[in-house]
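For reference, the structure discussed in these notes is given below.
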Amino acid sequence: MLFNSFDFGVFLVVGFAVYQLLQRWRWPWLLWLLLISAFFYGCWKPWYLILIAISTVNSFTFGLLIAHSKKVGLRKLFLALTVGFDLTLLGVFKYGNFFLENVEAAAALAGHPIRLGSVPAALPVGISFYTFQTLSYTIDVYRKKLKPTANLLEFSVFVFFFPQLVAGPIVRASELLPQVIGTRPRMDRKAIGQGIFLILAGLSKKMILADTLYTTMVLPYFERPDGHNAFETILVLWSANFQVYCDFSGYSDVAIGAALLFGFKLPDNFNRPFWSRTPMEHWRRWHISLSTWLRDYLYIPLGGSRKGPVRTQINLIITFLLGGLWHGAGWTFLVWGLYNGILLAFWRKIARREATSLAGKALEMFATFNAICFGLVFLHAHSFYDSWLILTSLLAPTRPLSGVLDPIGLLTLAAAFALHATPQRWKAQLSEAFSEMEPWGLALIILMVGGVLSLFAGLASPFFYFQF
């Protein structure tokens with residue numbers, strides 16, 4: 001069930017209406033929240049529910065075992081078992097076919113061809129997100145930063161909560177579980193108005209900007225990456241960067257807005273990343289929930305920046321290499337992660353001081369933006385050969401235009417840039433206006449915006465991060 005579908009609108013209205021009626025009774029509203037979240041996830045494929053239920057019970061059980069164990073060795077054993085189990089599920093269903101295909105290819109190169117078959121299942125939607133969510137729970141319990149819940153229903157609501165289930169933000173137990181355990185979620189007109197504003201804003205970014213950029217610019221180019229000149233390639237890479245941003249930040253806005261309707265606050269996931277003056281700043285502003293997760297559960301445990309400059313650079317590269325692998329089972333994803341890790345390590349080495357002049361700051365932003373765009377070649381390209389074609393086109397400024405640049409796409413790129421450049425206070429003021437609006441006013445705006453969005457329904461494409 002996609003956020004940008006009529007079905008989701010009906011689901012949200014029915015789920016919200018019944019939820020409000022059940023607010024007086026704690027266990028009924030918890031159970032209803034779990035049921036509608038399970039229904040939402042099961043709409044993709046019902047068997048996905050078995051997988052997430054197994055992961056939920058595993059983390060819940062071992063969280064209690066870790067908390068109640070007095071011996072350090074036993075605590076470490078329980079942590080290793082639950083982390084190993086979660087990573088095994090993720091590895092089999094996300095990376096199983098990638099591993100088997102590469103073993104077959106290596107055996108064929110060695111002159112001993114074998115046939116290993118394949119994992120008989122498509123990648124379960126959202127498995128990377130909820131796996132990181134449950135991992136953070138057991139790790140935080142082990143570190144004694146979080147007390148485990150002894151209530152399976154409450155824990156299940158935390159894992160299954162539908163707004164953030166399939167594409168984030170990656171919500172840690174310390175952020176959401178206390179809200180679930182609390183006596184009653186925040187349910188007031190202000191939260192509902194802000195939630196509706198975020199849903200409409202997110203859908204507008206997704207359906208008007210992201211889908212238009214994808215259909216008119218990104219898809220035609222990457223389907224046929226040969227024969228383009230440098231100017232076309234640069235503009236398409238810019239479009240691809242804004243397309244992913246509008247798509248994913250739009251999804252995050254809808255998720256945060258839908259959670260507000262049910263009285264829950266999710267963490268922000270984007271903070272105008274293209275204003276960044278260094279790659280380090282970019283990753284602090286982009287997919288914040290993943291960046292901070294990798295920092296707290298991978299980079300810092302590796303040693304962070306505490307063991308000297310050389311080890312710091314190595315830790316950065318390892319973190320981003322594994323971050324690239326998290327994004328997808330393919331060598332191009334690994335190269336994308338490696339590229340960004342090396343980019344950060346290199347930038348830390350050469351950028352001793354940031355510019356103070358306006359021109360210098362603008363140059364830093366432009367350089368950072370294009371450095372990130374360059375890495376998108378490996379995230380979008382279907383193969384290394386396609387990546388090679390795209391990279392070599394950057395060296396062909398005099399090649400004749402291929403006609404891949406679409407006027408509507410270029411106008412949409414300009415609109416996406418303009419939206420990104422708007423002051424943050426404008427968004428805050430609009431959100432506040434929605435929070436104070438009468439119900440009839442909200443209903444009228446929903447109908448008006450819904451009518452506009454319906455004009456773009458023919459451009460609909462899956463959310464970019466569903467594949468991860």
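Here is how the numbers come out for the structure above:
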read-out: Whole-Å distance, taken between Cα centres, linking region 386-403 and region 55-90; value: 51
read-out: Ranked list, fewest to most other Cβ atoms within 10 Å of each Cβ, for CYS246, CYS43, CYS373; value: CYS43, CYS373, CYS246
read-out: Compactness relative to 2.2 N^0.38 Å, alpha carbon Rg of region 113-202; value: 1.44
read-out: Cα-based convex hull volume of region 190-467 per residue, rounded to whole Å³; value: 147
read-out: Equivalent ellipsoid, the chain (semi-axes from 5 times Cα gyration tensor eigenvalues, Å); value: 35, 31, 23
read-out: 5 Å binning of all Cα-Cα separations within region 24-184, expressed as whole percents from 0 upward; value: 1, 9, 16, 18, 17, 13, 9, 7, 4, 3, 1, 1, 0, 0
read-out: Ascending count of other beta-carbon atoms within 10 Å, so fewest first, for VAL159, VAL171, VAL335; value: VAL335, VAL159, VAL171
read-out: Span-rule helices in the chain, defined as complete DSSP H runs reaching 15 Å or more along the axis (Cα) with Kyte mean at least 1.6; value: 6-21, 48-68, 407-421, 439-454
read-out: Over region 296-455, volume per residue of the alpha carbon convex hull, in Å³; value: 230
read-out: Relative contact order computed over the chain (Cα-Cα under 8 Å; 6+ residues apart), in percent; value: 19
read-out: Highest-first arrangement of 312-323, 123-134, 432-443, where packing means the average Cβ count within 10 Å; value: 123-134, 312-323, 432-443
read-out: Mean separation of Cα contacts under 8 Å, 6 or more apart, over the residue count of region 24-184: relative contact order %; value: 33
read-out: Descending principal axes extents, region 187-250, alpha-carbon based, whole Å; value: 56, 15, 12
read-out: Neighbour-count order for VAL236, VAL119, fewest beta carbons within 10 angstrom listed first; value: VAL119, VAL236
read-out: Peptides ranked, highest mean first, by Cβ atoms within 10 Å: ranges 408-414, 172-178, 198-204; value: 198-204, 172-178, 408-414
read-out: Region 190-467, relative contact order [Cα under 8 Å, separation at least 6], %; value: 34
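Throughout, read-outs are computed from the coordinates displayed, never taken from laboratory work. In this text, all values refer to a predicted model and were calculated from it rather than measured experimentally. Glycine also receives a Cβ, built like all others from the backbone with ideal geometry; neighbour counts cover every protein chain displayed.
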